[in-house]
Amino acid sequence: MEEIWRRLDAKARAVAERPIAALFEDPSRAGSFSARMGDMLLDFSKTNIDAEALELLIDLADAAGVAACREAMFSGEKINETEGRAVLHTALRNPSASIAVDGVDVMPGVRRTLARMRDFADAVRGGAFVGQGGPITDVVNIGIGGSDLGPAMACLALAPYHDGPRCHFVSNVDAAHIADTLNGLDPETTLVIVASKTFTTVETMTNARTARDWMAGRVKDPAAQFAALSSATDRTSEFGIAPGRVFGFEDWVGGRYSIWGPIGLSLTIAIGPERFDAFLGGGAAMDAHFRVAPFRQNLPVLLALVGIWHAQVLGHATRAVLPYDQRLARLPAYLQQLEMESNGKGVTMDGTPATRPTGPVVWGEPGTNGQHAFYQLLHQGTQVVPCEFLVAARGHEPQLAHHHRLLLANALAQSKALMRGRSLEEARALAETAGFRGKELDRQARHRVFPGNRPSTTLIYPQLTPAVLGRIVALYEHRVFTEGVILGINSFDQWGVELGKELATSLAPVLDGAPIPEELDGSTRALLRFVAEHD
Ligand code: F6P
């Protein structure tokens, strides 16, 4: 692989000064540097990737063994080597498959749990399951990380399809989060879902106990209005939640990949089991595409190769996710966990230090809001931020179609502006029109120059339906996987979150009044003293 990396580096140097816009002298560029999966189009023609670079990137994916690793993942091999686990979230969205782990078919269990989720969601939605005060009006999902971001992102994304109780999400251990969420809810008609794979996560368990206390003030048997999404059935029963309302999943479903199973229960209750099935179907369709489409037409592989080109070859340290879709407002946060917890690693599979930068910083906000906030830096700042636009051809508000047309115009204009920029000559003409002359004209013009040549991709789809959302989420999952394989890292563990948890546990007693340990560093001691003085 080293030779391919070396050739990619040389290629990057060779095209460094080439304007992306010049590549469009080839009238077939838009078609050649884009790919479709059904009615979804990924356009990566506004990047500096040309035929030779694409060839090299595909060689890189081949040399890294992406195809073999992909099959190993889908067939249940234990590719999460540091935890000795298979990686089978794809099984959750393909219930008719037959997949074995350690020689045991895991699919009957998947189907049973899915059927139980459906029954429970129907019961909550239809009034067969009620709270002490009557039908459930509100669902509060308490979880954090993968046990929160997926359903929170998807519930917002699919708001036009909600016909069940209202859904709320509490994740932060900050009392403000649960206090503000419960404020105004009726404990007698609220269902609390405690979502935690391990059922030990301190934030989630603290919030769950607070919710139980809140309910206990008004409800005779609060545990009867609780459900749990967890693999730890001993701990859920210790908490008092009846096994009939516990929905388990196996250790081969990583937290950040878990929206497809029980962690999707709040979403299922909000939109109904049929639409949740459509969401799963969308994910399964992307799986099928990822498994069989040649790399050149394979959306997840292409998105990964664009990512590798920008982050590992050109060295851009961040990438922006810019949904022109207000209902995808939580997608950047969701992708931050998916991408940065997966590929923010320092060592390769064999424990040796990674020689290239690994996963980039992922950030973003919906357009058009971002345009009035940080796009200044995207257009004229000194660092290049590759941008990933997402936009639907049509919205869900036909009566407000003019809003959507403006939204689309902005999305398309931004990718064009990033690529095209504005030359000094054009800027001078503008400044002249504005009345500037002589030296002042020159100075003013320079502030109006846009360097351009800033790369972006656009993912465009007809409408943000449950099936399309399923495809988008699975697309990004497989992109992360493909990048991880090329970088030779384990995308499925997350040891990097442990140290902070351990230290928080050791500091908690000090905040409860225990003496500040002498061996603590001076900064932490000073901060603790400040808290003690102001508590
Ligand atoms: O932050 C680490 C992590 O393990 C995530 O990977 C996971 O999504 C989150 O914590 C929540 O874990 P659990 O579902 O066990 O509460």
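The values are calculated or read from the model by the stated rules, or taken from the named source; none is laboratory data. Computed from a predicted model, the values in this text were never measured in an experiment. As a convention, Cβ positions derive from the backbone with ideal geometry for all residues, glycine included, and neighbour counts pool all protein chains shown.
General remarks:
- In this structure, Asp287 does not qualify as part of a helix (DSSP H, G or I), more than 14 Å from the ligand (Cβ to nearest atom) and not assigned by the TED database to the domain that holds Gly488.
- Where a residue in segment 1-24 is more than 14 Å from His310 (Cα to Cα) and its partner, wherever it lies, is of a type in the set (Gly, Ala, Ser) and part of a helix (DSSP H, G or I), with Cβ under 7 Å and at least six apart: Met1/Ala63; Met1/Ala64; Ile4/Ala63
- Unmet requirement for Thr198, which otherwise passes all of (1) surrounded by fewer than 24 Cβ atoms within 10 Å (Cβ to Cβ); (2) at pLDDT 95 or above; (3) more than 30 Å from Val468 (Cβ to Cβ): (2)
- Filtered residues of segment 208-219 (kept if part of a helix (DSSP H, G or I) and either modelled with pLDDT under 95 or away from the ligand (no atom under 11 Å from the Cβ) (or both)): Arg209, Thr210, Ala211, Arg212, Asp213, Trp214, Met215, Ala216
- Taking residues in segment 105-118 that are small (Gly, Ala, Ser), and partners anywhere that are surrounded by fewer than 17 Cβ atoms within 10 Å (Cβ to Cβ), not one pair has Cβ atoms closer than 7 Å while being at least 6 places apart or on different chains.
- Any hit, segment 194-207, residues being under 22 Å from Gly126 (Cα atoms), assigned by the TED database to the domain that holds Pro151 and within 15 Å of the ligand (Cβ to nearest atom): yes
- Criterion: crowded, with 22+ Cβ neighbours inside 10 Å, more than 16 Å from the ligand (Cβ to nearest atom) and in a helix (DSSP H, G or I) - qualifying residue of Leu156, Leu114, Leu191: Leu114
- Pick from segment 85-103, criterion of a type in the set (Gly, Ala, Ser) and more than 24 Å from the chain's Cα centre (by Cα), ranking: farthest from Arg118 (Cα to Cα): Gly103
- Of Leu322, Leu303, all but one fail to be aliphatic (A, V, I, L, M) and either under 18 Å from Phe481 (Cα atoms) or assigned to a helix (DSSP H, G or I) (or both); the exception is Leu303.
- Segment 198-218 residues that are within 11 Å of Ser147 (Cβ to Cβ), paired with ones that are within 8 Å of the ligand (Cβ to nearest atom) and of a type in the set (A, V, I, L, M) (beta carbon under 8 Å, 6 or more apart): Thr201/Ile144; Glu203/Ile144; Thr204/Ile144; Thr204/Ala195
- The combined condition, being within 16 Å of the ligand (Cβ to nearest atom), under 30 Å from Arg405 (Cβ atoms) and under 19 Å from the mean Cα position of the chain (by Cα), is not fulfilled by Arg319.
- Screening segment 220-245 for residues that are basic (Lys, Arg) and assigned to a helix (DSSP H, G or I) and picking the one that is farthest from the ligand (Cβ to nearest atom) gives Arg245.
- Qualifying residue in segment 246-261 (condition: under 20 Å from Thr190 (Cα atoms), away from the ligand (no atom under 15 Å from the Cβ) and not acidic (Asp, Glu)): no
- Against the conditions (1) at pLDDT below 95; (2) surrounded by 14 or more Cβ atoms within 10 Å (Cβ to Cβ), Phe33 satisfies every one except (1).
- Residues of segment 479-528 that turn out to be within 16 Å of the ligand (Cβ to nearest atom), of a type in the set (A, V, I, L, M) and without any contact (Cβ under 8 Å) to a residue 12 or more places away in the chain, as a count: 2
- The residues of segment 220-262 that are among the aliphatic types (A, V, I, L, M) and surrounded by fewer than 20 Cβ atoms within 10 Å (Cβ to Cβ), listed by number, are Ala223, Ala224, Ala232, Ala242.
- Check on Pro332, away from the ligand (no atom under 16 Å from the Cβ) and touching a strand residue (DSSP E or B) at 6+ places or on another chain (Cβ under 6 Å): yes
- Answer residue from segment 43-55, given it is surrounded by 20 or more Cβ atoms within 10 Å (Cβ to Cβ) and of a type in the set (A, V, I, L, M) and is farthest from the chain's Cα centre (by Cα) among those: Ala53
- Odd one out for Arg448, checked against (1) in contact with a helix residue (DSSP H, G or I) (Cβ under 6 Å, 6 or more places away or on another chain); (2) on the phi > 0 side of the Ramachandran plot: (2)
- Looking across segment 368-389, the residues that are outside any strand (DSSP E or B), surrounded by 15 or more Cβ atoms within 10 Å (Cβ to Cβ) and of a type in the set (A, V, I, L, M, F, W, C) come down to Phe374, Leu378, Val384, Val385.
- Of all residue pairs spaced 6 or more apart or on separate chains, none has beta-carbon atoms under 6 Å together with a first member in segment 162-179 that is in the same structural domain as Val140 (by the TED database) and surrounded by 12 or more Cβ atoms within 10 Å (Cβ to Cβ) and a second member that is modelled with pLDDT under 95 and among the charged types (D, E, K, R).
- Among the residues of segment 513-532, not one is over 13 Å from Leu503 (Cβ atoms), among the acidic types (Asp, Glu) and at pLDDT 95 or above.
- Within this structure, Glu365 fails the test of being surrounded by fewer than 17 Cβ atoms within 10 Å (Cβ to Cβ) and either in contact with a Pro (Cβ under 6 Å, 6 or more places away or on another chain) or acidic (Asp, Glu) (or both).
- Some residue of segment 135-151 being out of contact with any helix residue (DSSP H, G or I) (no Cβ under 8 Å at 6 or more places or on another chain), assigned by the TED database to the domain that holds Ile263 and within 16 Å of the ligand (Cβ to nearest atom): yes
- Scope segment 407-420; condition crowded, with 17+ Cβ neighbours inside 10 Å, of a type outside the set (A, V, I, L, M, F, W, C) and out of contact with any helix residue (DSSP H, G or I) (no Cβ under 8 Å at 6 or more places or on another chain); matching residues: Ser415
- First in segment 245-261 and polar (S, T, N, Q), second anywhere and outside any loop (DSSP other than H, G, I, E, B), Cβ under 6 Å, 6 or more apart: Ser258/Gly146
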